[in-house]
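All remarks here apply to the structure that follows.
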Amino acid sequence: MKIANATPADLDHLLAFRQEAAAWISRLGSDQWSRPYPADRLLKTIEQGTVFMLRDGEVTAGTITLTPEAEEGLWTEEELTEPSLFVNKLTVSRDYAGQNLGGRLLDWAGDRAYRAGAKWIRLDAWTSNKPLQRYYLEQGFQHVRTVLHGGAVNGGPRVSGWLAQRLTREAVHGFTDRTASPQPMSA
């Protein structure tokens, strides 16, 4: 399998991929990703070079977004001084479930962050999705805290405020990496 940057031509596929994941999550009893993701925001992250596609031949097996920006209001000013990259939208096709592709994508992200000079890979997860939180803990992440307030609208409830981090490290993920070398983190 190879990992490569997403291109604008992948936009419709990524939106459909997210709908597939949302339907699966809904069957498990979670409302995570129940609202459609804005196509313009996704296109912007693709154009910034932060969305990556895991492909098995021509089939998309998974995707991950790795950004230098934290979602506003989650991490403290002190935490934000530490060089970090942030994992978002990790998704694996149900056709590839049970093959540890999510874990390997997290290893790839941690390796990429390490090569960029980051200390941490960090993420925020749905506050009510306990199985997802358990999954990240099993992948070596440490729970930092849960932010329940300060959502995008009037400081209301936050739905994705379970924060976790893992030290970056070199990793053998087994993917053929077709991405450009990561940009070094600025001091």
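The values are calculated or read from the model by the stated rules, or taken from the named source; none is laboratory data. Please read these numbers as outputs of a predicted model, since none were measured by experiment. Note that we place each Cβ from the backbone using ideal geometry, even for glycine, and neighbour counts take in every protein chain shown.
What pairs come out if I take residues in segment 1-18 that are within 15 Å of D56 (Cα to Cα) and pair them with residues that are of a type in the set (G, A, S) and at pLDDT 80 or above whose C-beta lies under 6 Å away, six or more apart or interchain?
N5/G49
Restricting attention to segment 58-99, which residues are without any contact (Cβ under 8 Å) to a residue 12 or more places away in the chain and out of contact with any strand residue (DSSP E or B) (no Cβ under 9 Å at 6 or more places or on another chain)?
Result: E58, E72, T76, E77, E78, L80, T81, A97, G98.
So how many residues does segment 81-96 have that are surrounded by 16 or more Cβ atoms within 10 Å (Cβ to Cβ) and either farther than 21 Å from L163 by Cα or at pLDDT below 95 (or both)?
From segment 81-96, those surrounded by 16 or more Cβ atoms within 10 Å (Cβ to Cβ) are 83-93, 96; that's our starting set.
From what's left, either farther than 21 Å from L163 by Cα or at pLDDT below 95 (or both): 88-93, 96.
Within segment 81-96, residues that are surrounded by 16 or more Cβ atoms within 10 Å (Cβ to Cβ) and either farther than 21 Å from L163 by Cα or at pLDDT below 95 (or both) number 7.
Please go through segment 49-80 and give me each residue that is buried (at least 17 other Cβ atoms within 10 Å of the Cβ) and acidic (D, E), ordered by number.
Selection gives E71 alone.
What helices (runs of 4 or more DSSP H) lie completely within segment 62-170 and have 1 or more residues being under 25 Å from H13 (Cα atoms)?
Numbers: elements: 77-80, 101-116, 130-138.
Result: 101-116, 130-138.
Any chance you could count how many residues in segment 83-111 are within 13 Å of the chain's Cα centre (by Cα) and of a type in the set (K, R)?
2
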